[in-house]
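Report on the following structure.
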Amino acid sequence: MSSSFTTVTAPGLPTWPRLLFDAEKKRAIVAVRLATWRSWAYARMVSTLLAWSTNLLVGWWLWHRLGWISDPIGRGSLTFFGFSLAMTITKPLFPAAFDGFLARQVFPSRSTVWFTPERIAFRSRLYDRGIVLWRQWNGRPVQTRFDVTPDPEAAIERSVATDRQRMANRHVQTASLLRVIVRAFDPHRTVSQTQAVNLARAVPMLAVDLSDAARVTVVLSAAAAMTARSTASHQPSVADGQDIDSPTADTVPSKEAPHGID
C-alpha cells in the first residue's frame with residue numbers, strides 16, 4: 001500500500017472496515033472481508049467433516065486397542081460405545097470451536113472498493129470481473145448512495161431448507177445484499193422532465209450479514225463523500241449583475257451617471 005494512504009478515524013466512523021484515504025490525490029480504498037451465509041455453510045460442512053473424521057479415528061483406535069478381546073461382538077460393542085461417546089463430544093464442540101474461525105478467516109467473501117472523483121470501482125464475488133461506476137455522465141454528476149436489502153438467494157435457500165438446516169446455518173436468516181444506487185441528476189431540468197429522466201439503478205455490490213451491513217455502509221458512504229468532486233461556489237461580481245436591494249442611482253443622488261445604462 002502506498003505511503004500516501006492514511007487510515008481515517010472519526011467519532012462517527014466505525015473502526016472496521018478501515019478507510020484508507022489519500023488527501024493529495026483525493027483517493028480512497030476500502031477492503032472488506034465478510035463472513036456471509038455461504039461462508040458459514042462451508043464452515044459447518046468442514047467442521048462436521050472434522051468431527052466425523054475424529055469419531056472414526058477414535059473408533060479405529062479403540063478397535064485395535066481392544067484386540068485382546070476375542071469375542072468380536074463384545075469388542076465391537078465397546079468400540080461402538082467409544083465411538084458414540086466421541087460423537088456426543090465432537091458434535092457440539094467442533095462447530096463451536098471451528099465455525100467462526102473458518103467462516104471469517106478461511107471462507108470469507110473478500111472485496112475491495114476504490115474511490116476517486118471520477119469513478120467508483122469494486123471487485124466482488126458477484127461478478128467475474130471488476131465493476132466501474134462513473135461519477136459523471138454527459139457532463140452531469142451521478143449521485144451514489146448505498147443501501148442494504150435482503151439477499152434473494154438466501155431467501156430461496158430458506159424456502160427449500162429443512163428446519164434442521166436452517167438451525168445449522170442461522171445466518172441465512174440475516175443474509176443481506178449491499179447495493180449502490182446510482183442516479184444521473186440534472187438540476188436544470190423542470191420537474192416534469194426530472195421525473196422522466198432521473199431514473200435510479202441498483203447495482204448489487206457485496207453479500208453481507210445484517211450484523212456487519214451498517215458499519216460497511218457507513219464507511220463506504222464516508223469514502224464516497226470524501227472523494228466527491230467539489231463544486232466551487234460561484235461568487236457574483238459587479239459584471240454579473242446588480243443587487244436589486246442595493247441603493248441605485250434612482251434612490252441615491254450621484255454626480256456620475258451609472259455605467260452600462262444608455
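The values are calculated or read from the model by the stated rules, or taken from the named source; none is laboratory data. All values derive from a computational prediction rather than experimental measurement. Neighbour counts are summed over all protein chains in view; Cβ atoms, including those assigned to glycine, are modelled from backbone coordinates with ideal geometry. Quick note on the areas: whole protein, heavy atoms, side chains included, nothing else; ligands and nucleic acids left out. Shrake-Rupley method; radii C 1.70, N 1.55, O 1.52, S 1.80 Å.
Can you tell me which condition Ile29 does not meet? The list is (1) of a type outside the set (Lys, Arg); (2) closer than 20 Å to Ser109 by Cα; (3) open to solvent by 40 Å² or more (accessible area, probe 1.4 Å); (4) assigned by the TED database to the domain that holds Ala207, and all the others hold.
The single condition Ile29 does not satisfy is (3).
So if I check each of Ser111, Ser53, which one is open to solvent by 40 Å² or more (accessible area, probe 1.4 Å) and either more than 24 Å from Gln165 (Cβ to Cβ) or part of a helix (DSSP H, G or I) (or both)?
Of the residues listed, the single one that is open to solvent by 40 Å² or more (accessible area, probe 1.4 Å) and either more than 24 Å from Gln165 (Cβ to Cβ) or part of a helix (DSSP H, G or I) (or both) is Ser53.
Is it the case, given these coordinates, that Arg183 is among the charged types (D, E, K, R), open to solvent by 40 Å² or more (accessible area, probe 1.4 Å), assigned by the TED database to the domain that holds Met205 and not in a strand (DSSP E or B)?
no
So which residues in segment 86-129 are without any contact (Cβ under 8 Å) to a residue 60 or more places away in the chain and touching a strand residue (DSSP E or B) at 6+ places or on another chain (Cβ under 6 Å)?
Within segment 86-129, Arg119, Ala121, Arg123 meet the criteria.
Need pairs with beta-carbon distance below 6 Å; first residue at pLDDT 90 or above and within segment 218-232, second among the charged types (D, E, K, R); sequence gap 6+ or separate chains.
Sorted first by the residue in segment 218-232, then by its partner, the pairs are Thr227/Lys26.
What are the residues in segment 157-172 that are modelled with pLDDT under 85, closer than 10 Å to Trp37 by Cβ and in a helix (DSSP H, G or I), if any?
Within segment 157-172, Arg158 is the sole residue that qualifies.
Quick one: is Ala35 crowded, with 19+ Cβ neighbours inside 10 Å and touching a Lys or Arg at 6+ places or on another chain (Cβ under 9 Å)?
So Ala35 fits the description; yes.
Are any of the residues in segment 59-78 under 40 Å from the mean Cα position of the chain (by Cα) and among the small types (Gly, Ala, Ser)?
no
Among the candidates Arg201, Arg123, single out the residue that is within 19 Å of Val30 (Cα to Cα), at pLDDT below 95 and either open to solvent by 80 Å² or more (accessible area, probe 1.4 Å) or in contact with a helix residue (DSSP H, G or I) (Cβ under 9 Å, 6 or more places away or on another chain) (or both).
The match here is Arg123.
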